[in-house]
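Following: one structure in structure tokens, then a few remarks.
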């Protein structure tokens, strides 16, 4: 029997689940994935949010378009970052007077919250296209997902395409960004985690593993020096542990967290230490959840004693809403791809300037998602803060992206480097190093950044004013702790020259700092107790300065550094009586604050 592409994608997913099940049931006979410390940190000098002055455009009507153009289908999660494309379309279907209609596009937008079904939709479209249909109505020409989830999605789906059609016949490409999350996606848990991140060791967190919400939690673990357990079927008391959400659905992750907390539902897991089973099992409630709107509001409505621990408000470059399409189809229909992007980015610019457009977009979002009210989505788009039972909570928070934002974010503007390249590479490293749910056992190759990008359609858009970039405000003192991590950076003996074997670690730090672009930075150098204390004070200061200089040479501006200080041998984290302890004490700490 010949499998369809969708069937092959399903088998890849099932194999990952089966591998996890084998780990769980066969225990010592098979290799158990070991919890690992991960590296991450990249923040840049400008916040990608461009103001553009342009005349207010007429709102679309509610009447269906009669332009008679061929129908193109796009599907995506329920996510406010898609407000621009939805407003440009007039809703789920292209309406008369909409920007899509004006730019010669007839578009259908479909909500789909299951990652597996998004894959199947795109595979169905390509299967139909392969039979000779020019613009298939089966499946989806494009999907809209979190850009930090793209390495997971594209790599697994690309493998299925290569196996079905031969390597390189069909290739998935990111053609642009429609918006981004600025707080909406978050890790939610007990307030103790916010006060002391180390209290989260041993936590069990529901999420869609490999997706952007999982990345939020992994980023937070990385900058706080907490290990990550990549195996959802085991439990490591010294790491963050993850429960795979039912159906790869972010709403199901929230529901499972709520049920576990309110009804005491526990899950039986095998205990591991250093990648080896201890022979024990534990029954564990779900302690937290990484998810996004409307699931974050569901949790805050249902549970007390929890708050948002970290979000894309702090990692404000981490999570764009990217549009992924098959390159071969796009090359046959460049006018359609350019029309979709131009319409979406122009509507986004209207939403940024005019509240009437913002409210229209929220109404169109409510209808397209068949969920909640326009007032709900309007409030969630802007995001809000409140206090519940004495605890601060932050809900929602999205941004649409216009053409100028895209050019800044993807490095198409002169003098700018691609922020997204750092995000994509960082998440690719997570997949490679952590092997979540057996990812590397089933997906042979992580598709590289260069292989997934096609920005020619963005570059070809004309007739839109690109505006002026607004820079991040660093003329302030930041006090709210985002994260604090210790990094083993090697120096030549007795001096402050950074050794080449530490460049990968420094690149990871840079990547996290770009993702958390609005945060201010503190750098602290530390030594062991070998030698003279006064000399160690001076040496640690010079080493902290060396790290600062390296980061500045890669684009981190001077006014992001809030403190650069040497602490000598005064603050050891391990026993100085052993070589291993002294090695860990020779470190540089990076602190990010908002």
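A few comments on the model shown:
- Check on residue 135, surrounded by 21 or more Cβ atoms within 10 Å (Cβ to Cβ) and touching a residue at least 60 places away in the same chain (Cβ under 8 Å): no
- Some residue of region 159-167 being part of a loop (DSSP other than H, G, I, E, B) and either surrounded by fewer than 24 Cβ atoms within 10 Å (Cβ to Cβ) or assigned by TED's automatic domain parsing to the domain that holds residue 380 (or both): yes
- Top-ranked residue in region 61-78 [being within 32 Å of the chain's Cα centre (by Cα) and at pLDDT 95 or above; ranked as farthest from residue 336 (Cα to Cα)]: 76
- Within region 370-382, residues that are surrounded by 15 or more Cβ atoms within 10 Å (Cβ to Cβ) sit with their Cβ atoms under 6 Å from residues that are in a loop (DSSP other than H, G, I, E, B), at 6+ positions apart or across chains, in these pairs: 380/293; 380/396.
- Of the residues making up region 556-565, just one is assigned to a helix (DSSP H, G or I) and within 16 Å of residue 223 (Cβ to Cβ), namely 560.
- When residues of region 323-337 are limited to those that are in contact (Cβ under 8 Å) with a residue 40 or more places away in the chain and over 25 Å from the mean Cα position of the chain (by Cα), the one farthest from residue 89 (Cα to Cα): 328
Residues are listed down the side, and each one gets a yes or a no for (1) farther than 25 Å from residue 50 by Cα; (2) under 18 Å from the mean Cα position of the chain (by Cα):
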{"residue": "400", "(1), (2)": "no, yes"}
{"residue": "403", "(1), (2)": "no, no"}
{"residue": "407", "(1), (2)": "no, no"}
{"residue": "416", "(1), (2)": "no, no"}
{"residue": "423", "(1), (2)": "no, yes"}
{"residue": "427", "(1), (2)": "yes, yes"}
{"residue": "435", "(1), (2)": "yes, yes"}
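- The listed residues are 83, 65, 75, 54, and the only one of them that is in contact with a strand residue (DSSP E or B) (Cβ under 9 Å, 6 or more places away or on another chain) and more than 27 Å from residue 123 (Cα to Cα) turns out to be 65.
- Unique residue being surrounded by 24 or more Cβ atoms within 10 Å (Cβ to Cβ) and at negative phi when the list is 395, 400: 400
- Helices (runs of 4 or more DSSP H) fully within region 186-288 that include at least 3 residues being modelled with pLDDT of 95 or more and buried (at least 17 other Cβ atoms within 10 Å of the Cβ): 250-263.
- Comparison of 477, 468, 462, 456 shows that the only residue that is modelled with pLDDT of 95 or more, surrounded by fewer than 19 Cβ atoms within 10 Å (Cβ to Cβ) and farther than 18 Å from residue 312 by Cα is 456.
- Subset of region 359-368 [surrounded by fewer than 22 Cβ atoms within 10 Å (Cβ to Cβ) and either touching a residue at least 24 places away in the same chain (Cβ under 8 Å) or not assigned by TED's automatic domain parsing to the domain that holds residue 55 (or both)]: 367
- Qualifying residue in region 71-83 (condition: part of a helix (DSSP H, G or I), assigned by TED's automatic domain parsing to the domain that holds residue 370, farther than 24 Å from residue 247 by Cα and touching a helix residue (DSSP H, G or I) at 6+ places or on another chain (Cβ under 9 Å)): yes
- Filter result (surrounded by fewer than 22 Cβ atoms within 10 Å (Cβ to Cβ), assigned to a loop (DSSP other than H, G, I, E, B) and at pLDDT below 85) within region 519-555: 554, 555
- Number of the exception - residue 342 against (1) surrounded by fewer than 21 Cβ atoms within 10 Å (Cβ to Cβ); (2) out of contact with any helix residue (DSSP H, G or I) (no Cβ under 7 Å at 6 or more places or on another chain): (1)
- No other residue among 149, 179 is modelled with pLDDT under 95 and either surrounded by 20 or more Cβ atoms within 10 Å (Cβ to Cβ) or assigned to a loop (DSSP other than H, G, I, E, B) (or both) apart from 149.
- Evaluation of residue 186 against the conditions (1) in contact (Cβ under 8 Å) with a residue 60 or more places away in the chain; (2) at positive phi shows that the sole unmet condition is (2).
- When each of 143, 126 is tested for being in contact with a strand residue (DSSP E or B) (Cβ under 6 Å, 6 or more places away or on another chain) and farther than 29 Å from residue 399 by Cβ, the lone residue that passes is 126.
- Among the residues of region 548-581, the ones that are under 23 Å from residue 528 (Cα atoms) and touching a helix residue (DSSP H, G or I) at 6+ places or on another chain (Cβ under 7 Å) come to 12 in all.
The values are calculated or read from the model by the stated rules, or taken from the named source; none is laboratory data. On a predicted model such as this, the values are computed, not experimentally measured, just so you know. We place every Cβ from the backbone using ideal geometry, glycine too, and count neighbours over all the protein chains shown.
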